[in-house]
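Below: the structure, in structure tokens.
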Amino acid sequence: MRDLFHRWATEVGDAFVLGVVRSIVGGFLFLQALSAAGELARVGYFGDHFHLPFIPERFVPSHDAYVVLIAVRILLAVMVTVGHRARYALLGSAALGVYTLLCNRVEFHHNRYSLYCYAFLLALGPSDRAIAITRDESPSDGAPMWAQRLAQAQVALVYLASGGSKLLDPDWRDGVVIADRFARYAYQALGAGVPQSVVDAFSTPAATSALAKAAIATELFLVVGLFDKRTRVFALWWGTMFHLTIEATSKVEIFTWLTLTMYALFATPDVRARKLFFDPSRARGRYAARLVRLFDWLARFEVKAWKPDDLKQGHSIVIVRRDGSRATGIRALAMCARTLPVLFPLWAPLAFIASFTKGGDASARV
Amino acid sequence: MWDGAKATFAAAWMAAQGILIATAGERPDGAFGFRMFSESSTIEVHLFRETAEGSRVEVDGGEWVAKDRDGAAHRISWGSHVREPNLNVFGVTMHAAYGAAAQTQRWSAALEYVAHHIPEDVETRALELELGVRRNGHPKTLTRVQVRR
């Protein structure tokens, strides 16, 4: 335990991904603040109408103070996004965001509270060492990782709370909640072109019960699966599919994209530890290199045109993994899907197919 | 020293989150408890007013006409006081966002607010909400909440 704590407190890594996550979180903060400004313009000051504060009414801001508060939130969100005094801006955004929620619980939403929690935790780490216009001049590698690990723990805590509360609720466990949702919203699925037979099949008590148990199991699996090197990539993929399914079937504001953004914090904190060599004489090689450069948001690859050497064996691209092993063809494609966020949903099927080829794709590190 | 401070902070953060999560059930909306999609419940609300003559009449569409102290008539609108879309629709079955208990609390608080923010109406003695709640598809339960003025 002491050893675990010591490793947690002293671990260092590259802060590049932390910078990427901070910048995207800044975008979410901006959208939230902009939405509040839009509501102020459209509906008016919330204090002039029914509202339900957590805090005593005397601490709720006046109209003018609220206008200033929203303007400051927008400004801070921009600072977080571009990386100007980013950690202070994250701290300010989190504080003002939570304060806003406390002023009117009718406006409380889990995804907004989650956003402010993550903003606060990101402020504690060196998230200003990359993707920042005025950055901490310390090198991005060798950055303390403890706050990033705490943010990871927060992700797990959200799953534990959500999955745990469902597990303890007999209506959820037995599929009654999902069955009622299906019964009330089946018309939307039918309207979207889902065949009646499919809707009927998923609406049976046995199916809704199984789906409920699968949802609970998924959330509880993610609590631990995200932290074990052997299960991490699968947990990230399964969680991604889980959230994309929710996004397609429900309105959850920014929750899907916020959680998927936080998933980036589970990537190994290093930069360009893999190499992608491409054959510049082949259009397919040049195209693949361009795509990887474009979508390699977490800086997983060093992309190089290869010089004539022993790598060139008739392939358009060759990926050299961290351990020095090489991947080509479908295995290289699976490796790209594993590391490029936009292709990540394709990772599992590609890796499955690749597993039938020589060697497969067995490494557990992202 | 820094390691100890980090550990203390992390422990305090996790403990605070743990307490908020563990006590979420005590808050009608489960706020700060990350209970996503906790229910699939519906609510249908009807508004009634008790007039000076003692009659109880349903208010259609959340709007009614009442007189002030000088006898001038005013059109009173629930929606002009409660702007939240799922707290100002009457006679329609709606999804109970954040669960039946959350919506019951919010509607009750809104009733209290409206009842005390219509000084131009001296005819209404009380406002009453009839809340028809169906939690997770179970049989509907009726709750009446009244605020006397």
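The values are calculated or read from the model by the stated rules, or taken from the named source; none is laboratory data. In this text, all values refer to a predicted model and were calculated from it rather than measured experimentally. Cβ sites come from the backbone with ideal geometry, for glycine too, and all protein chains shown count toward neighbours. To get the accessible areas, we keep the full protein, side chains included, count just its heavy atoms, and leave off ligands, DNA and RNA. Shrake-Rupley method; radii C 1.70, N 1.55, O 1.52, S 1.80 Å.
Of all residues being more than 23 Å from residue B:95 (Cβ to Cβ) and in contact with a His (Cβ under 9 Å, 6 or more places away or on another chain) in the stretch B:59-71, which is least open to solvent (accessible area, probe 1.4 Å)? Just the residue, please. Let's see the steps before the verdict.
First, the residues of the stretch B:59-71 that are more than 23 Å from residue B:95 (Cβ to Cβ): B:63-71.
The next check asks that each one be in contact with a His (Cβ under 9 Å, 6 or more places away or on another chain); those that pass are B:65-68.
Numbers: B:65: 77, B:66: 1, B:67: 95, B:68: 31 Å².
The qualifying residue least open to solvent (accessible area, probe 1.4 Å) is B:66.
The residues of the stretch B:104-149 that are of a type in the set (S, T, N, Q) and open to solvent by 10 Å² or more (accessible area, probe 1.4 Å), listed by number, are B:104, B:105, B:108, B:141, B:143, B:146. Cβ-Cβ contacts under 8 Å between residues 6 or more apart (or on different chains), taken from a first residue in the stretch A:252-272 that is more than 16 Å from residue A:154 (Cα to Cα) to a second residue that is acidic (Asp, Glu) and not in a helix (DSSP H, G or I), are listed as A:269/A:14; A:270/A:14; A:270/A:141; A:271/A:14; A:271/A:141; A:272/A:302. Here residue A:87 clears all of (1) within 21 Å of the chain's Cα centre (by Cα); (2) within 14 Å of chain B (Cβ to nearest Cβ); (3) under 30 Å from residue A:62 (Cβ atoms); (4) surrounded by fewer than 24 Cβ atoms within 10 Å (Cβ to Cβ) except the condition numbered (2). Out of A:138, A:127, one residue alone is more than 9 Å from chain B (Cβ to nearest Cβ), surrounded by fewer than 22 Cβ atoms within 10 Å (Cβ to Cβ) and assigned to a loop (DSSP other than H, G, I, E, B). It is A:138. Of all the residues in the stretch B:21-54, those that are more than 7 Å from every other protein chain (Cβ to nearest Cβ), part of a helix (DSSP H, G or I) and buried (at least 18 other Cβ atoms within 10 Å of the Cβ) number 1. Counting only residues that are over 26 Å from residue A:133 (Cα atoms) and either part of a helix (DSSP H, G or I) or of a type in the set (Phe, Trp, Tyr) (or both), the stretch A:1-36 holds 10 of them. Residue A:239 meets all of the listed conditions (1) closer than 24 Å to residue A:26 by Cα; (2) part of a helix (DSSP H, G or I); (3) within 12 Å of another protein chain (Cβ to nearest Cβ); (4) of a type outside the set (A, V, I, L, M) but one, namely (3).
The test for being open to solvent by 70 Å² or more (accessible area, probe 1.4 Å) and either assigned by TED's automatic domain parsing to the domain that holds residue A:22 or in contact (Cβ under 8 Å) with a residue 60 or more places away in the chain (or both) does not hold for residue A:237. Total residues in the stretch A:340-359 satisfying the condition of being buried (at least 16 other Cβ atoms within 10 Å of the Cβ) and more than 17 Å from residue A:238 (Cβ to Cβ): the figure is 2. The set of residues from the stretch B:7-19 being crowded, with 18+ Cβ neighbours inside 10 Å and either more than 9 Å from chain A (Cβ to nearest Cβ) or on the phi > 0 side of the Ramachandran plot (or both) is empty. Does residue A:157 meet the test of being open to solvent by 40 Å² or more (accessible area, probe 1.4 Å) and closer than 27 Å to residue B:27 by Cα? Here the answer is no, as residue A:157 does not meet what is asked. Residue count for the stretch A:43-83 satisfying the condition of being part of a helix (DSSP H, G or I) and either away from every other protein chain (no Cβ under 14 Å) or over 15 Å from residue A:102 (Cα atoms) (or both): 23.
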